[in-house]
Amino acid sequence: MRHSNNVPLPDIPALIFPALLDTLIMVGIVMAIVVIVGVPLGALVHNLAPQGQFPRPRLHTVLSWIVSVGRSLPFLILMAAIVPFTRFITGTNIGIPAAVVPMSIAGIAFFTRIVENSLRSVPPDLARVATASGASPLQVIRTAQLAEAVPSIIGGLTINTIAMIEYSAIAGSIGAGGIGYVAVTYGYQRFDNGVMLATIIVLVVLVACVQKLGDALVRLTTPYARRQHRVAQPA
Amino acid sequence: MIRLEQLTKNFGDTTVLDRLDFSVDSGEIFAVVGPSGAGKSTLAQCATLLEPPTSGSVIVNGDNLSHLNAAQLRVARRKIGTIFQHDGLFSRRTAAQNVALPLEYLGVTPLESKRRVAELLDRVGLSGKARSYPHELSGGQRQRVGIARALALRPSVLISDEATSGLDPEATASVVSLIKELRDDLDLAIIFITHEMDTVRSIADSVARLDRGRIVESGSLVKLLHDPDSELGRSLQPRRAHAAATASAITWFVSYRSALVPADWVSQLGAALGSSVSLLGASIEVLHESTVGHATISVETSEDERVRLALDSLGLDARREDPVRLSVTS
Ligand SMILES: Nc1ncnc2c1ncn2[C@@H]1O[C@H](COP(=O)(O)OP(=O)(O)O)[C@@H](O)[C@H]1O
Ligand SMILES: [Mg+2]
């Protein structure tokens, strides 16, 4: 079915690309915040556990619980629930700044768990080796935990980034701008199939690129996989 | 020198180490053996204070490590190198980067660190593998990297927990000879924890057996092997199947009691008894310039007391074997 007010095909890029840029900015800012906060927070939660560098079981339970709550709330509900907080921080509840706050909170909760899980999969022997080799607790965390978990953390970061692209579309639907906003206003509300299809293609390509980049980084940071890759390629 | 005094470790209500007392001198390799769950790994962890002991002291070169705070302990621990089971190498670091870890923690300049790492890798025979990652090395090579790392801060004590367990015999032999070489060159006091008795015989100067957190027996390796009443001495020796004696002969289990047993004791025994002596099986070797081991023989005489006396005068302990026992016919 065609509507008279559909965006003509040649005009679609002019509509999509600024929106894509908005999405990239939104996700980029959020991921920067997520990594800066999530890595130390994940390492902290991991090391407050009974086997960690500074075991505080009670505090660990509390922090872990807070992270779980953040993780388990559907994004739309989280976003709506913290509107007063968002307005307090950014002075607005629309646009990119307003989307960044709930996305960061959801992303930090997500990533904290990812970091914690990645650290848990590092053999705990290595922390003992580091301590026996004269490391301070912070040196243990940096070299025997985080450094060894880098490929796994990057793998998680990829999933997290893709989730944030999805969240940005949800945020876009309530007026934050970006690809999601275009998809909802043109594709959903005006039945503009051309625009709808274009947003879908852009999102699929974007997610595929992020995934590819993430996979490549995981390979690059895993000595074992790096070698396999080299061997697999014809000389 | 490392000395443990009344070292005790409880996990909750269970006592895993019970008032251990021993000391290891510079240049001495002290093996600790014991069944799984005896507390050997806990001993290694408490001796380096990775696990705080419940009570008792760890004294290294006269310094008591037991009452130090975390920062002081980091400094004191430099005197102790630790070799771990499963090598404990960092998978994302090359051999050289693994060896450099303790230097990096200490804050040694990269240039100085590079020089020292090259020296250490050379010392363990892995100069050519500096840039290899752990997964590119064999088990024995990985353990050598672990040894180089343990030596990075020039410790005077080395603690090894099952360093050769899981290695093939050839790699085990190479690690054992490396550790002995390092002991000689660097005058290290070494606590070598293992459950492999063959490895103990090839490496130890003295041995202690840990069982349920207590040292139940200990002594110099050769003394234990020469003591026919020592349970530890007996468990250190391989017990192999031997040929069956003829129906009329009597089977004896003979073990070396001293270093002075003549090499031709079998023929001397035959001459003294005036009857033929058959060698059915034996495990004899020279450790620390002393011959140790045991043999199963059969003699064509039923004068047990004469046989016993003749063997005794040759420096051998003799026990009549139970005639009804499973054995392998050759
Ligand atoms: N962190 C711990 N908490 C509680 N019990 C422990 C702990 N570490 C070791 N144990 C117990 O101490 C005993 C000795 O263990 P371990 O020192 O590993 O023995 P080994 O190395 O001789 O096999 C075992 O019964 C084990 O269950
Ligand atoms: Mg053990």
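Bear in mind that the values in this text are calculations on the coordinates, not laboratory data. As the structure is a prediction and not an experimental result, all values here were calculated from the model. Methodologically, a virtual Cβ is constructed for each residue, glycine included, from the backbone with ideal geometry; neighbour enumeration extends over all protein chains shown.
For A:Gly156, the conditions (1) within 15 Å of the chain's Cα centre (by Cα); (2) farther than 17 Å from A:Gly28 by Cα all hold with the exception of (2). For the stretch A:111-118, state whether one or more residues are closer than 30 Å to A:Leu21 by Cα, among the aliphatic types (A, V, I, L, M) and free of Cβ contacts under 8 Å to residues at least 12 places away in the same chain. Among the residues of the stretch A:111-118, not one is closer than 30 Å to A:Leu21 by Cα, among the aliphatic types (A, V, I, L, M) and free of Cβ contacts under 8 Å to residues at least 12 places away in the same chain, which makes the answer no. Take the conditions (1) farther than 23 Å from B:Arg183 by Cβ; (2) in contact (Cβ under 8 Å) with a residue 24 or more places away in the chain; (3) in contact with a helix residue (DSSP H, G or I) (Cβ under 7 Å, 6 or more places away or on another chain); B:Ala95 misses just one of them, which is (1). Once the stretch B:46-67 is narrowed to residues that are touching a residue at least 60 places away in the same chain (Cβ under 8 Å) and crowded, with 17+ Cβ neighbours inside 10 Å, the residue that is farthest from ligand 2 (Cβ to nearest atom) is B:Val60.
Of the candidates B:Lys79, B:Lys40, the single residue that is closer than 18 Å to B:Asp161 by Cβ, away from chain A (no Cβ under 14 Å) and not aliphatic (A, V, I, L, M) is B:Lys40. Candidates are the residues of the stretch B:39-96 that are touching an Asp or Glu at 6+ places or on another chain (Cβ under 8 Å) and in a loop (DSSP other than H, G, I, E, B); the one that is farthest from ligand 1 (Cβ to nearest atom) is B:Arg92. Looking across the stretch B:186-234, the residues that are charged (D, E, K, R) and either buried (at least 16 other Cβ atoms within 10 Å of the Cβ) or under 26 Å from B:Thr8 (Cβ atoms) (or both) come down to B:Glu196, B:Asp198, B:Arg201, B:Asp205, B:Arg209, B:Asp211, B:Arg212, B:Arg214, B:Glu217, B:Asp227, B:Glu231. If you filter the stretch A:143-163 down to residues that are surrounded by fewer than 20 Cβ atoms within 10 Å (Cβ to Cβ) and within 10 Å of chain B (Cβ to nearest Cβ), you find that the one that is farthest from B:Asp87 (Cα to Cα) is A:Val150.
Yes/no matrix, rows are residues, columns are (1) more than 28 Å from B:Val299 (Cβ to Cβ); (2) within 16 Å of ligand 1 (Cβ to nearest atom):
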{"position": "B:Arg183", "(1), (2)": "yes, no"}
{"position": "B:Leu188", "(1), (2)": "yes, no"}
{"position": "B:Phe192", "(1), (2)": "yes, yes"}
{"position": "B:Asp227", "(1), (2)": "no, no"}
{"position": "B:Ser230", "(1), (2)": "no, no"}
{"position": "B:Gln237", "(1), (2)": "no, no"}
{"position": "B:Ile250", "(1), (2)": "no, no"}
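Determine if the stretch B:205-220 includes at least one residue that is among the small types (Gly, Ala, Ser) and within 16 Å of ligand 2 (Cβ to nearest atom). Scanning the stretch B:205-220 turns up at least one residue that is among the small types (Gly, Ala, Ser) and within 16 Å of ligand 2 (Cβ to nearest atom). Report yes if B:Val200 is within 16 Å of ligand 1 (Cβ to nearest atom), touching a residue at least 12 places away in the same chain (Cβ under 8 Å) and away from chain A (no Cβ under 14 Å), otherwise no. Against the criterion (within 16 Å of ligand 1 (Cβ to nearest atom), touching a residue at least 12 places away in the same chain (Cβ under 8 Å) and away from chain A (no Cβ under 14 Å)), B:Val200 qualifies. Scanning the stretch A:108-136 for residues that are within 30 Å of B:Arg154 (Cβ to Cβ), more than 8 Å from chain B (Cβ to nearest Cβ) and part of a helix (DSSP H, G or I) turns up just one, A:Ala127. On inspection, B:Phe30 qualifies as away from ligand 1 (no atom under 13 Å from the Cβ), closer than 27 Å to B:Gly139 by Cβ and away from chain A (no Cβ under 12 Å).
In summary, B:Ala70 fulfils each of the numbered conditions (1) among the hydrophobic types (A, V, I, L, M, F, W, C); (2) surrounded by fewer than 20 Cβ atoms within 10 Å (Cβ to Cβ); (3) more than 13 Å from every other protein chain (Cβ to nearest Cβ) with the single exception of condition (3). Taking the criterion of being in a loop (DSSP other than H, G, I, E, B), buried (at least 17 other Cβ atoms within 10 Å of the Cβ) and touching a residue at least 12 places away in the same chain (Cβ under 8 Å), the only residue of the stretch A:74-95 that qualifies is A:Ile82.
Away from chain A (no Cβ under 14 Å), within 17 Å of the chain's Cα centre (by Cα) and not acidic (Asp, Glu): which single residue out of B:Ser127, B:Ser160, B:Ser156, B:Ser174 fits that description? Answer to the check: B:Ser174.
Mind listing whichever residues of the stretch A:44-62 are in contact (Cβ under 8 Å) with a residue 12 or more places away in the chain, surrounded by fewer than 20 Cβ atoms within 10 Å (Cβ to Cβ) and in a loop (DSSP other than H, G, I, E, B)? Result: A:Gln51, A:Phe54.
Got a number for residues in the stretch B:120-140 being among the hydrophobic types (A, V, I, L, M, F, W, C) and over 19 Å from A:Tyr224 (Cβ atoms)? Counting residues in the stretch B:120-140 that are among the hydrophobic types (A, V, I, L, M, F, W, C) and over 19 Å from A:Tyr224 (Cβ atoms) gives 4.
Scanning the stretch B:1-29 for residues that are away from ligand 2 (no atom under 16 Å from the Cβ) and buried (at least 21 other Cβ atoms within 10 Å of the Cβ) yields B:Ile2, B:Leu4, B:Leu7, B:Val24, B:Ile29. State yes or no: is B:Gly128 in contact (Cβ under 8 Å) with a residue 12 or more places away in the chain and either away from ligand 1 (no atom under 16 Å from the Cβ) or in contact with a His (Cβ under 8 Å, 6 or more places away or on another chain) (or both)? For B:Gly128, the condition - in contact (Cβ under 8 Å) with a residue 12 or more places away in the chain and either away from ligand 1 (no atom under 16 Å from the Cβ) or in contact with a His (Cβ under 8 Å, 6 or more places away or on another chain) (or both) - is not met.
Residue by residue, here is whether (1) of a type in the set (D, E, K, R); (2) within 29 Å of the chain's Cα centre (by Cα) holds:
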| position | (1), (2) |
| --- | --- |
| B:Arg77 | yes, yes |
| B:Gln85 | no, yes |
| B:Leu89 | no, yes |
| B:Ala95 | no, yes |
| B:Pro102 | no, yes |
| B:Tyr105 | no, no |
| B:Val108 | no, no |
| B:Glu112 | yes, no |
| B:Val117 | no, yes |
